[in-house]
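A quick write-up on the structure given underneath.
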Amino acid sequence: EVFDYKPIQPTRTRTMKTTAYSPDERSCGKWADGITASGKSVWMNGGKLVAADRAIPYGTILTIPGYNGGKPVQVWDRGGKIKGNRLDLLYPTHEIALRWGVQDLPVVFWEFVEAD
């Protein structure tokens, strides 16, 4: 598997509760300014990114079944209700985010392969 033109390898799989959000006031409240908690634009990577608990560092690479066509995405956001074993997946509109619902899914964590 490759991400950002570099090889990556899976490190672990963890079942996590996933929800979805949109970059508008209905999901983000007063923080709906188009900028993630990490300072990145919500539109980076085609608007596909993840909000996670602080225990999962910014930049962590994940694959989530049914999200982004199964392609890797990174954690670039936080959320007040995203604590512990939860992820919130960004969608472009509130209506699309609501369709995701709540799903417990096997999330794969990845890391870049170090060159020998």
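The values are calculated or read from the model by the stated rules, or taken from the named source; none is laboratory data. Quick caveat: nothing in here was measured; it's all calculated off a predicted structure. Cβ coordinates were reconstructed from backbone atoms using ideal geometry, including for glycine residues, and neighbour counts include every protein chain displayed. Side chains included, ligands, DNA and RNA excluded: accessible areas come from the protein's heavy atoms. Shrake-Rupley method; radii C 1.70, N 1.55, O 1.52, S 1.80 Å.
The table that follows gives values for the structure above.
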| quantity | calculated |
| --- | --- |
| Residues whose placed amide H lies under 5 Å from that of Thr60, excluding near-sequence neighbours | Val75 |
| For segment 1-66, with +1 on Lys and Arg beta carbons and -1 on Asp and Glu, the positive-most of Gly47, Thr11, Pro65 along the dipole | Thr11 |
| Distance (nanometres) between label positions extended 7 Å along Cα→Cβ at Arg26 and Ser38 | 2.6 |
| Distance from segment 88-116 to segment 29-56 (C-alpha centre basis), Å | 12 |
| 18 Å Cα-Cα reach of Lys30 towards lysines, excluding residues that sit fewer than 8 places from it in its own chain | Lys40, Lys81 |
| Segment 28-75, accessible surface, carbon-and-sulfur percent (1.4 angstrom probe) | 55 |
| Surface accessible to a 1.4 Å probe, Ser27 within the full protein complex, Å² | 50 |
| Residues with amide H under 5 Å from that of Val42, placed H, sequence gap 5 or more | Ile35, Thr36 |
| Ranking by accessible area, most exposed first, for Val108, Val42 with a 1.4 Å probe | Val108, Val42 |
| Cα pair count fraction exceeding 25 Å, expressed as % - the chain | 17 |
| Longest segment of the chain lacking GluC sites (Glu not before Pro) that sit in a DSSP loop with at most 14 other Cβ atoms within 10 Å | 2-113 |
| Accessible surface, per residue, of segment 6-116 when the full set of protein chains is kept, probe 1.4 Å, Å² | 55 |
| ³J(HN,Hα), Karplus 6.51/-1.76/1.60, whole Hz, each residue of segment 102-115, x for Gly, Pro | 10, 9, 8, 9, x, 9, 9, 9, 10, 9, 5, 7, 6, 6 |
| Dipole in debye (nearest 20) - the chain, about Cα centre, beta carbon charges: Lys, Arg +1; Asp, Glu -1 | 380 |
| Other-chain or far-sequence residues with amide H under 5 Å of Tyr67's (modelled H) | none |
| DSSP-defined antiparallel bridges as percent of all bridges, the chain, nearest 5 | 75 |
| Relative contact order [Cα under 8 Å, 6+ residues apart], the chain, whole percent | 43 |
